[in-house]
Every structure is written in structure tokens, then in C-alpha cells.
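The values are calculated or read from the model by the stated rules, or taken from the named source; none is laboratory data. Computed from a prediction, not measured in an experiment: that's the story for all the values here. For neighbour counting, all protein chains shown are included, and Cβ atoms are generated from backbone atoms with ideal geometry for every residue, glycine included.
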Amino acid sequence: MFKTDTAVPGLSLVLANVQHADALFQLVDRNRTYLRQWLPWLDHNTQVDDSEHFLRGCQSSFASQSALNTLIFFQEDLIGTVGYNTINHANHDAEIGYWMSEDATGRGFMTEAVRTLITLGFQEYGLNRQVIRAATGNRPSRAVAERLGFTHEGCARQAGYQYGEYHDLEIYSLLKSEWQK
């Protein structure tokens, strides 16, 4: 099983795997209210089977090299996810997605998890461009992109849809040449 440590002691990324379905569902369920403000899929994740289905999809996407989803662990505790929602091999780019439990926020874990993923993408996946899309009002998610040196490319108006409403998404990108500096 794929596992990579980060620069933060005890913080690691583990390839999304069905064996973590119960832990993932419990994490989502405990953080449902907190996550609902930014994630559109919570109403479709109401039982462990839903998390298992998601993780099977992650494994399939990894096998076809169209995505890479990892689970973030701090010591033995699952605290979130980070990964490439899509990998476009023809254009050498990928879109990063992430979320974390409320009690793990504010400790630099997500910034380090994304930094580790970015390095993996540039060094192992041959990516040239990595993208983060975040809701305009999602300051914590936008701050991750800004701390890691992503360039704000602009606002995609009403590009996000969740719970019956459209919202704007801020688009950030990072090029390999910028990361190497």
C-alpha cells in the first residue's frame, strides 16, 4: 500500500483504500455540519457503504491513472483527505481537492499534506501544472493555495453548485518552474 510521510512528524498520506471505509464514514459523520458549508456530496454519504463505494472508486481511478486520492493520518487518526481529483496526462496537469476534520484545522496539517502531494505530482507524475479551486468564501482553503505560492488566476463565476445554490470558485495554479524556485 502506498504511504508517504510528510515533513510534520506523525503526518502521513495513505492511498485511499476500502479498509478505511468505516473510519472515513465516522470522520465525515462527526464533521457533517462543519463540512457542509463547502462540500456538495454530504447528502450522498449517509452510511458506511457510501464511503466504501467512494473508496472503491478511488482505487479504480488510481488503477486507471486518472486520479490519486489519499487519506491524511496524524499518528493513527484519520483526519482528512487530499488528492488529485483529476489527472490530465495529455496536458500534464491535475486538480487538487482536500478537506479536513474541524478539530485538525489550524495546525498546518493541510498545508503540509498539499505540499507533499504537490512534490509527488511534480517529481513522480511528471506534472507541469497543478490547480486548486476553492469557493470564494472558503478562506481556509484559499489560504492553503496562497501559502504554497499558487497564483490566483481569477474567479469562475457560479462554477460551483451545492444544496440548490450556485457559488463562485477562485482558481489557483502552480507551475513546476515556480515550484522549483
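The table below lists the values:
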| item | result |
| --- | --- |
| Ser12 vs. criteria more than 24 Å from His167 (Cβ to Cβ), at pLDDT 95 or above and either polar (S, T, N, Q) or surrounded by fewer than 17 Cβ atoms within 10 Å (Cβ to Cβ) (or both) | yes |
| Among residues of segment 149-176, those that are in contact (Cβ under 8 Å) with a residue 40 or more places away in the chain and not in a loop (DSSP other than H, G, I, E, B), counted | 9 |
| Failed criterion for Gln37 (all others in (1) closer than 30 Å to His167 by Cβ; (2) surrounded by 15 or more Cβ atoms within 10 Å (Cβ to Cβ) hold) | (2) |
| Cβ-Cβ under 6 Å pairs, at least 6 apart or on other chains, segment 125-144 side surrounded by fewer than 16 Cβ atoms within 10 Å (Cβ to Cβ), far side of a type in the set (Asp, Glu) | Thr136/Asp168; Thr136/Glu170 |
